[in-house]
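Shown next, in structure tokens, is the structure this report addresses.
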């Protein structure tokens, strides 16, 4: 496959580029827990966790996840609620659900062994071109490209590629670039080195060119355009939604929680009752009416919101007015609505925004496990 954007690849001394890049990686690579073993399951879990999440954030989650689900069988056999709780705080929860669904398929169809061919591994739920390339190259030594944002940025600069990396059509160009330059005798180190270079040296802003091990091979550096590459169009402004939420407690110290729908944003996670506000009425009155209408409960909310929480998604921002109050316990036929003791609230998997709500209210109201604060 030929791309005009790769016209500069012929001027690269590919064997020397491979040698310089891999030598730097072997000397400077970070000691990360998923790098200590080429176990394809561990590589898989780490790559899913690292999607849109910083390495420093992922490390403790990865370690805890491996302790709880050390094998494919352990994760396949776990309750989804357990998996979501272990993932709690990482965000993008569809990653966890897709991972478990794919692991179950591996257990059922491949005898618990992660497939080692591109067609088979790419057929698993949630496994796209990057993840399949990462697993195949790192765990199995298959010379497949693993192209993420870091790699596209590095290759755009090395080869002076002016294609917009925000466009999905550009990925094929960068995959072909890596395919032509990958070290076939050590694709694992090569791919990880490109990722590491993008994370540590060839960063989005102010790349550390003077420290770069492949500076001599870099067209952007020699042309003085490293700050202009890669080309990336800006995302559209995210939508802002104003919500009102209520933390409601009974006299005997139980809190009302609800489960989100099985599909869509934050599917199957728990939260406190909340409603999108109109922006024209009184937030407290709107929340009260919502609780009365949808729960059949008469809540006593404090006059002012207890706190305000903002949570930013990639495409959406929630601004939440949080109210605190009391309510009489009721029985629900819907299992997705429960009154649970304060001591048990944190055993449920909540989204980050509602974890913040609970932490703030507990500290602010000095809530004990016995009874609500007066």
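Every number here is computed from the coordinates shown, using simple stated rules; none is lab data. This one's a predicted model, so the numbers in the text were calculated from it and none came from an experiment.
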* Stretched out fully, how many nm does the piece from residue 82 to residue 298 gain, at 0.36 nm a residue minus the Cα gap? -> 74.5 nm
* **Extended-chain gain in nm, criterion 0.36 nm per residue less alpha-carbon gap, residue 317 and residue 30** => 100.0 nm
* Asked: Angle between the Cα long axis of helix 352-365 and the longest principal axis of the chain, 0 to 90 degrees, nearest 10?
  -> 40 degrees
* **Spatial separation of Cα centroids for region 130-145 and region 305-343, in angstrom** => 42 Å
* To do: With an 8 Å cut-off on Cα pairs and a minimum separation of 6 or more residues, tell me the relative contact order of the chain in percent.
  => 16 percent
* To do: Specify which labelled value, from (i) -0.44, -0.56, -0.83; (ii) -0.53, -0.65, -0.87; (iii) -0.38, -0.48, -0.73, agrees with log10 I(q)/I(0) by the Debye sum over Cα atoms at q = 0.08, 0.09, 0.11 Å⁻¹ derived from the coordinates of the model shown.
  => (ii)
* Compare 256, 297, 159 in a GNM of the chain, Cα atoms joined below 10 Å, and give the one with the largest fluctuation. => 297
* Asked: By the gyration tensor of its Cα atoms, with a ≥ b ≥ c the square roots of the eigenvalues, what is the shape of region 292-369: rounded for a/c under 1.5, prolate for a/b over b/c, or oblate?
  -> rounded
* Most fluctuating residue of 254, 42, 359 in a GNM of the chain with Cα springs under 10 Å: which is it? -> 359
* Asked: Can you give me the relative contact order of region 1-98 as a percent, contacts being Cα pairs under 8 Å and 6 or more apart?
  -> 20 percent
* Helical contribution to [θ] at 222 nm, DSSP H n ≥ 4, -39,500 (n - 2.57), averaged over the chain, rounded to 500 -> -12500 deg cm²/dmol
* Structure fact -> By the C-alpha gyration tensor axes a ≥ b ≥ c (rounded if a/c is under 1.5, else prolate when a/b exceeds b/c, else oblate), the shape of region 4-223 is prolate
* Please give the helix 129-140 orientation as an angle from the longest Cα principal axis of the chain, in degrees from 0 to 90, rounded to the nearest 10. => 70 degrees
* Asked: In degrees from 0 to 90, rounded to the nearest 10, what is the angle of the helix 283-295 Cα long axis to the longest principal axis of the chain?
  -> 80 degrees
* Structure fact -> Listed residues 245, 96, 299; largest mean-square fluctuation, Gaussian network over the chain with Cα springs below 10 Å, found at 299
